[in-house]
Amino acid sequence: MSKRLSLKEKAYEFIKNKIITCELMPGSDIEEDELALELGISRTPVREAILRLEQEKLVNIYPRKGSFVAPITLNDIQEIFQIREIVEVQVAKIVCKSISKEKLLYFKEQFDKMDEEGNLISYRDFFELDLKFHKFIVTSNDNQYLIEFINKIYDKDYRIRVLTTSMFEEERKRNKKEHLDIINAFLEKNEEKVEKYLREHIKNSKKGALKIL
C-alpha cells in the first residue's frame, strides 16, 4: 500500500469514527485544517477522505460553503430501520438453528452484567456491545456481500443509537431486556420467538430514534 493511500485510509477511518460516534455532530462544520493538524498530515488525504464519506452519505459538500456532517433526517431513520428489519430478521431465521451457542452465552453474560438501571460501565461499552451483538447475528450467515452492505447501514445506525441512548434513560433500560429475550429465543432454537422479539426490538429502536427529531 502506498504512503498516499495509507494516509487517505487513515484520514477516512479517523473522520468516519468521529462522525458515527457523534464527536462530530450531525450538521456540524468539518474543518479540514483542524483534522489535518490532529492527524499530522496534509489537507490532501483529508479532503480525499471527505469526498469518500460524501459518497457514503455521511458528509454533505456545498461549493463555496464547505463540508458538513450529514444530518439525520426522518427519511434516514425510516429507511435504515426498514432495511434492518428486513435483513436482520430474515438472517436470524436462517441461522436460528446453527448460530453459535457459545457466543450467545457470551453475549447473555455481557448483557446480564448491565445493572438494574440498564447501564454498563460507560456509554461506549453499551454502544459497542449492542453493535457487536447485531453484527454477530448477521455475520453468522457468512454472506460477505450482505455483511459489507449491512456494515454501511450500521455505520449510519450507530449515529442514531449514540444520540438516542445518551438522551433517553428508558431506551437503555429497554435495551437489556429485549436483547436477553432475543438471546434466550436463539438458545431455545425457537424461530418464531426469534423473529417476534427481534422485530419488536427493531421497531422499538425505531420509535426511540424518532425522538431525536
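The values are calculated or read from the model by the stated rules, or taken from the named source; none is laboratory data. As the structure is a prediction and not an experimental result, all values here were calculated from the model. Cβ: placed from backbone, ideal geometry, glycine included. Neighbour counts: every protein chain shown. The accessibility values were calculated without ligands, DNA or RNA, using every heavy atom of the protein model including side chains. Shrake-Rupley method; radii C 1.70, N 1.55, O 1.52, S 1.80 Å.
Across segment 192-213, what is the number of residues that are over 19 Å from the mean Cα position of the chain (by Cα) and either within 18 Å of Ile153 (Cβ to Cβ) or open to solvent by less than 70 Å² (accessible area, probe 1.4 Å) (or both)? Give the steps one after another, and end with the answer.
Applying the first criterion (over 19 Å from the mean Cα position of the chain (by Cα)) to segment 192-213 yields 192-197.
If we keep only those that are either within 18 Å of Ile153 (Cβ to Cβ) or open to solvent by less than 70 Å² (accessible area, probe 1.4 Å) (or both) too, we end up with 194-195, 197.
Of the residues in that region, 3 qualify.
Out of the residues in segment 10-40 meeting the condition of being crowded, with 17+ Cβ neighbours inside 10 Å and of a type in the set (Val, Ile, Thr), tell me which one is farthest from Glu56 (Cα to Cα).
Ile30
What is the number of the single condition among (1) surrounded by 15 or more Cβ atoms within 10 Å (Cβ to Cβ); (2) at pLDDT below 95 that Glu56 does not meet?
(1)
Determine if segment 120-128 includes at least one residue that is modelled with pLDDT of 90 or more, closer than 21 Å to Tyr154 by Cβ and assigned to a helix (DSSP H, G or I).
Of segment 120-128, the ones modelled with pLDDT of 90 or more are none.
Taking every residue of segment 120-128 in turn, none turns out to be modelled with pLDDT of 90 or more, closer than 21 Å to Tyr154 by Cβ and assigned to a helix (DSSP H, G or I).
Step by step: first the residues of segment 61-76, then only those that are modelled with pLDDT of 95 or more and open to solvent by less than 50 Å² (accessible area, probe 1.4 Å), then the one that is nearest to Lys189 (Cα to Cα). Which residue is that?
My answer is Ala70.
Got a sec? Which of Ala70, Ala36 is under 20 Å from Ile153 (Cβ atoms) and small (Gly, Ala, Ser)?
Ala70
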